[in-house]
Amino acid sequence: MFTDDAGKGGISAGGPGNSDDSTRRTGGDLLQLITPEGERISHPEFDSWLQDVSDEQLGSLYEDMVVIRRIDAEATALQRQGELALWPPLLGQEASQIGSARALREDDFVFPSYRDNGVAYCRGVKVEDLVRAWRGSASAGWDPFTVNVATQQIIIGSQSLHATGYAMGIQNDGADCVAVAYFGDGATSEGDVNEAMVFAASFQAPVVFFCQNNHWAISEPVRLQSHIQLADRASGFGIPSMRVDGNDVLAVMAATRIALDRARHGGGPTFIEAVTYRMGPHTTADDPTRYRDANELEDWAAKDPIARLKSLLDRKGLLTAELEAAVAAKADAVAAELRAGTINMPDPAPLDIFKHVYSTPNSWLDRQQDHYSRYLASFGDPAEAATEEGAR
Amino acid sequence: MTQMTFARAINSGLRKSLENDPKVILMGEDIGALGGVFRVTDGLQKDFGKHRVVDTPLAESGIIGTAVGLAYRGYRPVVEIQFDGFIYPAFDQIVSQVAKMHYRTQGAVKMPITIRVPFGGGIGSPEHHSESPEAYFTHTSGLRVISVSNPQDAYTMIQQAIASDDPVLYFEPKRRYHDKGEVDESVDPGSALSMEKARVVAEGKDVTLVAYGPLVKTARDAALAAADEGVSVEVIDLRSLAPLDFSTLEASVRKTGRLVITHEAAQSGGLGAEVAASITERCFYHLEAAPVRVTGFDVPYPYSKLEMHHLPGLDRILDGVDRALGRPNSLSGLEG
């Protein structure tokens, strides 16, 4: 078990059932419960966190992963068809996102990056809301308080501080919910992520740092970000860490549950490195063939998170025709909903540009809005005027 | 009415806010046991506890970024940036997160964060301790920027800033911290002059002299000196730097026909440029002369043996008044 070990001069954590090794994490200790071939590896420590995961739930994890892969494919297609300006695919990271998000309680609060669409979907964000910002119809797709998910952050690593501050608030409130920051391997180089870990450790804030090491920060490999394994960085801040196979949905879920449980019980922050792989481009705007080897992609394709869970289901005799049909139907329905929601999304009204800059009136902005309204009115129909303006 | 220093007046305003709203939380470096490097938060941790007055790790982006998270959770953080020159590591969190969160979320997430910044020069400090970075923030939509010039305003405006649902940069003129003034602590900040309004601190009819923060006192002294020469100067304390209260400025310039603005910050792209341009747009036919700026130079804040040359003093301001009035001045004879 991952135990706090403050008496020995710091909090530490290690491989399951091997806490003595906790401070000697130098690699090769990737926590895994499902092999790439779909074989379930028994693990006394981790398994104890998964006892409630029924066959039915395994099927539902599979469904979520298939659905978000389908959302990803549909959104990518929508971008190619000119309906979205940009899309950041999560292809390959389905287990990391679904495994971790499904471990959360409703009152936990998530601070995601722009790529964490699977997490958002899992928390109940409507599919068309996932693309609202990428279509340019709004800066963000949803009200954070309806799903307890902050809007997706584009500045790299910024949200790790927001999660930590939120966790400090939880602490002040005496509540037992947890804040979770999602970020990638590149973000660990940012000052904000490091400052977040300093604050979290100093105040023992109930926050989980969930790092999806997908190996690439646009074109820069993870080795350019860190000389050591990312999980090993946490110990320098006095934060226990786990390094899990991010393509193994059960390992991710168990690790997240352990971290959440620690946070709920006053054990402070935990850093999870989910080792996964971004199989697509950084966004629809880049070309990974320029910077990475085809063999690398092939190697990782063999570790595909969905294929892996599918093999496990098959081995367990759970991969029935009914399940496959139900999952396919759900994916089709969600994709259709996403497409219709995107294409039918109303454009904002011209004067919406002035809305919500401030909570209370601002004389500068009121004047600018007034002047622009008069300008639009000079054309007769404001909407028409805005269109003409845009066309110039 | 009580005589108290500027620093004490802010302290008293902070205390009131902490008493009135359990969601107010103070954060910053050294603000607890030490009471802040300028003692502005003196005694507050002792009286309100370490959870209300939080000594943070030494990381400015961390201070602002965690305040964002606390605001998400329903708190009203009041953070202290120890010195003006230390705000730059927090710049991204302020302009990309604090300023834009309300807009980004279409009003769902409020950022009632107050960022206190001791600013300006004149105390003989080393590099990074005497800067005037206000224009960076007045240029950013979503922020409100105010600067206080006297203990009474310091007391009421800190409470108004904390009560605001919008984020507020609260610039404190550090060279005035020890100045004393009358403070009426019974004033309800809700009914006091709004922090968004400018104030006419001395009436006059010949020229409008606009200042804020540390230079309001200098501007008043200049007006007194000008009066000795028979020139009537109207002094306006902006108080709010964003948004600027143009109605008060316009009324004054329509009366005097002449405008001088002074600030410690560098001239180019500074607040003086905004005031001059906007007043010219609005009151062109009332102006008898081009607006005049008397500001710091476009140089890095100089080492202390030179700062008296950089900071607009009484005589430089009077020289500016002479330029606005077309009286003999240091630039007489220069074209353009």
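A few comments on the model shown:
- Scan of segment A:170-191 for residues that are touching a strand residue (DSSP E or B) at 6+ places or on another chain (Cβ under 9 Å) and either open to solvent by 20 Å² or more (accessible area, probe 1.4 Å) or at the interface with chain B (Cβ under 9 Å from one of its Cβ atoms) (or both), ordered by number: A:I170, A:N172, A:A179, A:G184, A:S189, A:E190
- Inside segment A:37-65, residues that are surrounded by fewer than 21 Cβ atoms within 10 Å (Cβ to Cβ), out of contact with any Leu (no Cβ under 7 Å at 6 or more places or on another chain) and in a helix (DSSP H, G or I) make up a count of 7.
- Segment B:26-47 residues that are farther than 21 Å from B:G65 by Cβ, paired with ones that are in a loop (DSSP other than H, G, I, E, B) and open to solvent by 30 Å² or more (accessible area, probe 1.4 Å) (beta carbon under 8 Å, 6 or more apart): B:G35/B:D42; B:V37/B:D30; B:L44/B:R52; B:Q45/B:A33; B:Q45/B:R52
- Within segment A:103-115, residues that are within 13 Å of A:Y182 (Cα to Cα) sit with their Cβ atoms under 6 Å from residues that are in a strand (DSSP E or B), at 6+ positions apart or across chains, in these pairs: A:F109/A:A179; A:V110/A:V149; A:V110/A:V180; A:F111/A:A181; A:P112/A:Y182; A:S113/A:Q153; A:S113/A:Y182; A:S113/A:F183.
- Helices (runs of 4 or more DSSP H) fully within segment B:223-336 that include at least 2 residues being at pLDDT 95 or above, touching a Leu at 6+ places or on another chain (Cβ under 6 Å) and hydroxyl-bearing (S, T, Y): none found.
- Of the criteria (1) in contact with a helix residue (DSSP H, G or I) (Cβ under 8 Å, 6 or more places away or on another chain); (2) open to solvent by less than 20 Å² (accessible area, probe 1.4 Å); (3) more than 14 Å from every other protein chain (Cβ to nearest Cβ); (4) outside any helix (DSSP H, G or I), which one B:P77 fails: (3)
- Contact annotation: residue pairs with Cβ atoms under 7 Å, 6 or more positions apart or on different chains, pairing a residue in segment B:107-127 that is away from chain A (no Cβ under 14 Å) and on the phi > 0 side of the Ramachandran plot with a partner that is surrounded by 20 or more Cβ atoms within 10 Å (Cβ to Cβ) and part of a strand (DSSP E or B), are B:G120/B:P173; B:G120/B:E264.
- Qualifying residue in segment B:187-196 (condition: within 21 Å of B:Y136 (Cα to Cα), within 14 Å of another protein chain (Cβ to nearest Cβ), in contact (Cβ under 8 Å) with a residue 24 or more places away in the chain and open to solvent by 50 Å² or more (accessible area, probe 1.4 Å)): yes
- All of (1) open to solvent by 50 Å² or more (accessible area, probe 1.4 Å); (2) touching a residue at least 40 places away in the same chain (Cβ under 8 Å) hold for B:E281 with one exception: (2).
- Count - residues of segment B:197-219 that are in contact with a Leu (Cβ under 9 Å, 6 or more places away or on another chain), of a type outside the set (S, T, Y) and in a loop (DSSP other than H, G, I, E, B): 4
- Residue within segment A:111-127 that is open to solvent by 40 Å² or more (accessible area, probe 1.4 Å) and farther than 24 Å from A:M253 by Cα present: no
The values are calculated or read from the model by the stated rules, or taken from the named source; none is laboratory data. None of these values were measured; they are calculated from a predicted model. No Cβ is skipped: glycine too gets one built from the backbone with ideal geometry, and neighbour counts run over all protein chains shown. We work out accessible area using only protein heavy atoms, side chains counted, and drop any ligands, DNA or RNA first. Shrake-Rupley method; radii C 1.70, N 1.55, O 1.52, S 1.80 Å.
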